[in-house]
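Novice: Okay, handing you the structure first.
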Amino acid sequence: MKLWKFYVVVAVVLALVVGIPASIYFVLKQPPGVKTTVDVFACDLANESGMLMLKKPCEGNYVKVTSFVINKTYLKYEIADRLKLETTAEDIWLGMTTVDEVVNGKVREFRAGNKTYSKAPENWVPPPFRAALARLVKKYPWLSEAYIVNGGIFRGEVFEPWANQTVIGFVFSALQPFCGKSFDTGPGGGVINEYDSCRFTALLLINRTRLVVFDVSVELVNIDNALEIQERGDEIKIGGGAVGMLMKAVNNATRLLEEALAN
């Protein structure tokens, strides 16, 4: 092979090697944008010998309740890609968070044995959601006694198999925004798309007959400074446009919560 032909072949091969990843990058690259989803819906519950469970499969436009079972000593629920919990308690009804606690920022105390235990207030609830509950409680006073299932739970004295002993149990609250970052990468490992997302989910148990699901999420694609995470010692502070957009979306969705409660 002549030298110049060799150089042409090498040049073609290099062009293909460089060109294919570049073409993939431009095909998969998404324009900057924001996706917001809102789901507010109710699930009817059946009482089977003191155990509350879903009457039928229940889902909204974006999220699905795959399981929900509760009685005095047992709770299990799963919201696909959102929340999941299975736990036991001395008295679930006594230990679960109520709407009144959230609205008024109460610190509840419980007596177990010879000691008093406190359940922390729900400090991470989005302000628009707390304000909406406060407004709705004035309109529907019975709402103050409703439970927020994914709030903190005091379990009382329970046996823990992993510890092989009886302990004072708590379930930490999941009634707060959850934010995160993710990426799409190309064949060479470079970042193609960057995703910054925040979501908030609340599960309200109304009169022990209906489960109301309130779910809001925002996803920002390829937007600079959408999510800012700062670590200061043991404290992590999250800010940025994604958080602000979530708060706005939560505020807008509260009117749907009122409609779900009214029906």
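Novice: Take the alpha-carbon centre of segment 160-217, take the same for segment 55-116, and report the distance between them in whole Å.
Specialist: So the separation of the two Cα centres works out to 14 Å.
Novice: Additional query: Between exposed trypsin sites (Lys or Arg not before Pro) in the chain, where DSSP calls loop and at most 16 other Cβ atoms lie within 10 Å, what's the longest gap?
Specialist: Longest site-free region, per DSSP loop and neighbour criteria: 107-207.
Novice: Which whole-number percent of Cα pairs in segment 147-263 have a distance greater than 18 Å?
Specialist: Result: 67 percent of Cα pairs exceed 18 Å.
Novice: Checking the a/c ratio against 1.5 first, then a/b against b/c, what shape does the Cα gyration tensor give for segment 97-202?
Specialist: oblate
Novice: Give the accessible surface of segment 139-226 per residue, rounded to a whole number of Å², with probe radius 1.4 Å and ligands, DNA and RNA excluded.
Specialist: For segment 139-226, the solvent-accessible area averages 44 Å² per residue.
Novice: Taking all protein chains in place and a 1.4 Å probe, what share, in percent, of the accessible surface of segment 172-263 do carbon and sulfur account for?
Specialist: 47 percent
Novice: Which entries of Lys35/Lys248; Lys35/Lys181; Lys64/Lys181 have Cα-Cα distances beyond 18 Å here?
Specialist: Lys64/Lys181
Novice: How far is helix 3-28 tilted, in degrees, relative to the longest principal axis of the Cα atoms in the chain, given as a value from 0 to 90 rounded to the nearest 10?
Specialist: 20 degrees
Novice: Further question on the same structure: Tell me which aspartates and glutamates have Cα within less than 12 Å of Lys119's Cα, excluding those fewer than 8 residues away on the same chain?
Specialist: Glu101, Glu109
Novice: Any idea what Rg and Dmax come out to for the chain if you just take the C-alpha atoms, in Å?
Specialist: In order Rg, Dmax, the Cα atoms of the chain give 24.7, 94 Å.
Novice: Taking only Cα atoms, what is the 0 to 90° angle, nearest 10, from helix 127-139's long axis to the longest principal axis of the chain?
Specialist: Helix 127-139 and the main axis of the chain meet at about 30 degrees.
Novice: Taking all protein chains as present, what is the carbon and sulfur share of the accessible area of segment 86-153, in % to the nearest whole number, probe 1.4 Å?
Specialist: The nonpolar share, carbon plus sulfur, comes to 51 percent.
Novice: Additional query: Per DSSP H run of n ≥ 4, the term is -39500 (n - 2.57); total these for the chain, divide by its residue number, and report the mean residue ellipticity at 222 nm rounded to 500 deg cm²/dmol.
Specialist: Calculated at 222 nm, the ellipticity per residue is -8500 deg cm²/dmol.
The values are calculated or read from the model by the stated rules, or taken from the named source; none is laboratory data. Computed from a predicted structure; not experimentally measured. We place every Cβ from the backbone using ideal geometry, glycine too, and count neighbours over all the protein chains shown. What goes into the accessible areas is simple: the full protein's heavy atoms, side chains included, and nothing from ligands, DNA or RNA. Shrake-Rupley method; radii C 1.70, N 1.55, O 1.52, S 1.80 Å.
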